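Heads up, the thing below is written out as structure tokens.
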Amino acid sequence: MRSIRFHGRGGQGAKTASRIVGTAAFLEGLTAQDSPLYGAERRGAPVSASTRISREPIRERGLITRPDLIVIADESLIGDPTARVLDGLSERTVVFVNAALPSEQARDQFRIPGRVTTLDLTDMTLRQFGKPVALSAPLGAVACRLLGLKAESLKAAITGELADLGLPETVIEGNLALAASCYDAVPVVPVEEMAGTPPAPVSLWTPVYEPPTLGSARISASANSPLRETGGWRTFRPVLVPDKCNGCWLCFVYCPDGVISMTKDDLPLIDYDHCKGCQICVQECPTKALVAEREQEGAGTWRAK
Amino acid sequence: MTWQRETFKKIKQIPREEHVLPGTSLCAGCGGLEALRLAAKVLGDDVVYVNAAGCFTMLAAYPFTPFKGSWLYTTMGSAPAGAQGVRDALDVLIAKGRLPKRDDLKVVVLGGDGSTYDMALSSTSGAIYRGLDFYYFCYDNEAYGNTGVQLSAATPYGARTTTSPCSLQHPAGTIQEKKDIFEIWRAHKPPYIATVAPRYPLDLAEKFARAATFTGPKLFLALSACPTGWLYDPGETPEVAKLAVETGLWPLKEAINGAVTHTYIPKRKPVEEYLKLQGRFRHLFEPTKQEEAIRHIQERVDAYWRQVNV
Ligand SMILES: Cc1ncc(C[n+]2csc(CCOP(=O)(O)OP(=O)(O)O)c2C)c(N)n1
Ligand code: SF4
Ligand SMILES: [Mg+2]
């Protein structure tokens, strides 16, 4: 059996990538299991999905605690303690990181003890579609290659899974072309199966229960949500071209998160610690004074302080 | 007779102060948050929010809250009952002289459409019947969003959800019509009901200002374009949310003691323009266009506006 854990941000396609790998393995006659970790978190917040593939019946269930392969859709997750992307890693684990850095450099920079391989899927996807879209197909392609699954199975799996999501044929074709190049381009580090009997599963997170007499969780603070920064959610940031701004207030009025305020001179001031990069302001601006700029090194440029 | 705004005439009258602070984990581009933020600019900080389970539960995810005031979390079916308890407690404190009248708080229910149209319907009916002095703010994203987009009684005909997929038996996806909750509320004759849409911020703000002049139940239905559930890019929220109103699908109106006024009369673009922007309706256009289903949606809107006396 081989165990694969996908990590991404909601909307990046980790869940569908996990399905693609499961389906591709199934098409090759293997037994497959895949399940996203359901949380109440949202688009942009850390998510994970677990896939197991095997020639034998799979008896293990639940979150993968000892992964053979970890696929990381967004390098900014490595520094995010809540995402726990490297949990359960050993020197034998293969870690794929979607990053522009070569494997060796990524290994050092992110201090990953496992065997690391990288490819800039974000850039390849931008080049294919001209805008940021979910990375499900590229992530699935990379995982299939590292696991030694065939290109035809990958192709059939992507077609099926993306059609299930109701994506139009043109988009599916774009994804197939993109997946094929990712499949070919990723530097291969073969994923070996964990040998021997697995040790008792470790619990990743132990919930703390209070006796019901204490009542339910209570937040005694007020208006403290800004302590939680959401700037890392962005792939694109809105940037002001001050000369073009006519001070109309529309960006300020329409920002769902209230991260734009107007200065005394009626110029928008953007709070990049919290801007989630939804681009509503860019769309609303009547004079095109707000432009979308890609975050320099992928979504990870912004770091929590 | 055209509807006149008294308080909010220009965009620069929208208050600068923020009452729903950033840092919540609602999706980038959430139309529900957009609507709540604007409403809160009129409601202010002296509010107790009573929040039914749903996406808005993520507003105050332990240990963080975006509000200066209080927030209480209830089950999906019981937020109006929770509001009754909070209102009663405030009234008792005031009556006993332990809370000065000037420190009184507004009680505001936040509920998704799953709560509002389905699970909390009886609780809401009871609260209106008892004349509870509260606000009800339904952010309507037309599905059970928080649990991964399942069909609710607010999901419109022809939309695809995870529990009403496009299938051989039902190629249009959802076969039910959206429940007319506005009319169900109106049958109770509360002092104030309004529909709002965050793309029409002055209309929205004005309605909250007007509601403040009434004692008793004040209920709001807010169009909440949802990139995650409706399947479009967050940046397209403006376009989608605007077309919902401009096609006539989301009428902007109010009802004072049951008497209805439409506050904005759209020129009514074809519904197709709205539908084709969203992945949840894509099966109506691809691989083959479902003319019948699209016509059905158009005819329902036409029929609605025919009976509106404008
Ligand atoms: C009685 C009950 N059933 C199911 C749930 C699980 N649940 C939590 S949030 C949610 C979705 C609520 O949908 P809606 O009211 O439309 O709000 P949204 O999530 O769309 O914001 C569900 C089904 C619950 N909390 N209570
Ligand atoms: S799922 Fe929709 S309604 Fe819920 S937080 Fe996301 S955008 Fe808002
Ligand atoms: Mg809903």
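Just the number, please: carbon plus sulfur as a percent of the accessible area of the range B:78-133, 1.4 Å probe, no ligands or DNA/RNA counted.
57
For the range A:1-64, take the alpha-carbon Rg, divide it by the Kirkwood Rh, and send me Rg/Rh.
That ratio equals 1.01.
Under a no-solvent Debye model with one identical scatterer per Cα of the range A:2-185, what's log10 I(q)/I(0) at q = 0.11 Å⁻¹?
Ignoring solvent entirely, the Cα scatterers give -0.41.
Work out the mean other chain Cβ neighbour count within 10 Å for the residues of A:257-265 and drop it here as an integer.
Average neighbour count from other chains, rounded to a whole number: 4.
Could you give the size of the charge dipole of the range A:2-185 about its Cα centre, using +1 on the Cβ of each K and R and -1 on the Cβ of each D and E, expressed in debye and rounded to the nearest 20?
I would put it at about 400 debye.
Provide a whole-number value for the mean count of partner chain Cβ atoms within 10 Å of the Cβ atoms in peptide B:34-46.
Going residue by residue through B:34-46 and averaging, the value is 2.
Taking the highest mean first, how do the peptides A:81-93, B:103-115 order by number of other beta carbon atoms within 10 angstrom per residue?
Descending mean neighbour count gives B:103-115, A:81-93.
Going toward the positive end of the dipole of the protein assembly as shown, with +1 on Lys and Arg Cβ and -1 on Asp and Glu Cβ, which of A:SER103, A:SER35, B:TYR192 do you reach last?
With unit charges placed on the Cβ atoms, the residue in question is B:TYR192.
At 4 °C and a viscosity of 1.567 mPa s, what translational diffusion coefficient does Stokes-Einstein give for the range A:230-294, taking Rh as the Kirkwood radius over Cα pairs? Give it in µm²/s as a whole number.
113
Please state the relative contact order of the range A:230-294 as a whole percent: Cα pairs under 8 Å, 6+ residues apart?
Here the relative contact order equals 50 percent.
Can you give me the accessible area per residue for chain A, using a 1.4 Å probe, in Å²?
48
What is chain B's relative contact order, in percent, from Cα pairs under 8 angstrom and six or more apart in sequence?
18
For the protein assembly as shown, how big is the tail of P(r) above 31 Å, as a whole percent of Cα pairs?
Here the tail beyond 31 Å accounts for 54 percent of pairs.
Step through the table entries B:LYS10/B:LYS207; B:LYS68/B:LYS106; B:LYS242/B:LYS276; B:LYS106/B:LYS218; B:LYS12/B:LYS41; B:LYS9/B:LYS253, compare each Cα-Cα distance with 21 Å, and write down the pairs that go over it.
Over 21 Å apart, Cα to Cα: no pair at all.
Please sort B:127-135, B:74-82 by packing, taking for each peptide the average over its residues of neighbouring beta carbons within 10 angstrom, highest first.
Final packing ranking: B:74-82, B:127-135.
Got the relative contact order for chain A handy, in percent, Cα pairs under 8 Å and 6 or more residues apart?
The value is 16 percent.
What accessible area, summed over both chains, is buried at the A-B interface (1.4 Å probe, Å², nearest 100)?
4000
Between the range B:1-56 and the range A:70-132, what is the C-alpha centre distance in whole Å?
What the calculation gives is 39 Å, centre to centre.
Magnitude of the Cβ-charge dipole of the range A:77-164, K/R +1 and D/E -1, about the Cα centre, nearest 20 debye?
Computed charge dipole of the range A:77-164: roughly 140 debye.
Within the set of other residues whose C-beta is less than 15 Å from the C-beta of B:GLY97, count the net charge using Lys and Arg as +1 and Asp and Glu as -1.
+1
Check which residues have an amide H placed less than 5 Å from B:ALA120's amide H, if you skip close sequence neighbours.
Those lying under 5 Å, H to H, from B:ALA120: there are none.
How much of the calculated P(r) for the range B:1-69 lies past 19 Å, in percent of all Cα pairs?
The answer is 39 percent, as a whole percent.
Per DSSP H run of at least 4 residues, take -39500 (n - 2.57); add these up for chain B, divide by its residues and hand me the 222 nm value, nearest 500 deg cm²/dmol.
Calculated from helices alone, the mean residue ellipticity at 222 nm is -9000 deg cm²/dmol.
Measuring from centroid to centroid over Cα atoms, what is the spacing of the range B:153-197 and the range A:43-67 in Å?
The distance from the Cα centre of the range B:153-197 to that of the range A:43-67 comes to 37 Å.
What net charge is computed for the residues neighbouring B:PHE208, neighbours being all others with C-beta under 13 Å from the C-beta of B:PHE208, Lys and Arg scored +1, Asp and Glu -1?
Once all neighbours under 13 Å are counted, the net charge is +3.
Which percent of Cα-Cα pairs in the range B:158-310 sits in each 5 Å bin, short to long?
Whole-percent P(r) values from 0 Å outward: 2, 9, 17, 19, 19, 15, 10, 6, 2, 1, 0.
With r defined as the distance between the Cβ atoms of B:VAL92 and B:SER125 and R0 fixed at 22 Å, what FRET efficiency is calculated, to the nearest 0.05?
The computed FRET efficiency comes out at 0.35.
How large is the translational diffusion coefficient of the range B:11-308 in µm² per second when you combine the Kirkwood radius over alpha carbon pairs with Stokes-Einstein at 20 °C and 1.002 mPa s?
Estimated via Stokes-Einstein, D reaches 109 µm²/s.
At each listed q (0.17, 0.18 Å⁻¹), what is the log10 of I(q)/I(0) that the Debye formula gives for the range B:62-192 modelled as equal alpha-carbon point scatterers?
Summing over Cα pairs of the range B:62-192 leads to -0.95, -1.02.
Quantify how strongly other chains surround peptide A:224-237 by giving the mean number of their Cβ atoms within 10 Å of each of its Cβ atoms.
Across the residues of A:224-237, the mean count of other-chain Cβ atoms within 10 Å is 4.
Treating only the Cβ atoms of Lys and Arg (+1) and Asp and Glu (-1) as charged, compute the dipole magnitude of the protein assembly as shown about its Cα centre; round to the nearest 20 debye.
That gives a dipole near 1100 debye.
Could you work out the local net charge near B:LEU252, counting Lys and Arg as +1, Asp and Glu as -1, over the other residues with Cβ closer than 14 Å to its Cβ?
Cβ neighbours under 14 Å give a net charge of +3.
Mind checking the per residue accessible area of the range B:11-308 for me, 1.4 Å probe, whole number of Å²?
Solvent-accessible surface per residue comes out at 37 Å².
What order do you get for A:163-175, A:277-289, B:3-15 when each peptide is scored by the mean count of other beta carbon atoms within 10 Å, highest first?
Most protected by this proxy first, the peptides run A:277-289, A:163-175, B:3-15.
The values are calculated or read from the model by the stated rules, or taken from the named source; none is laboratory data. Nothing here was measured: the structure is a model prediction, and the numbers come from that model. Please note: Cβ atoms are built from the backbone with ideal geometry, for glycine as well, and neighbour counts cover all protein chains shown. What goes into the accessible areas is simple: the full protein's heavy atoms, side chains included, and nothing from ligands, DNA or RNA. Shrake-Rupley method; radii C 1.70, N 1.55, O 1.52, S 1.80 Å.
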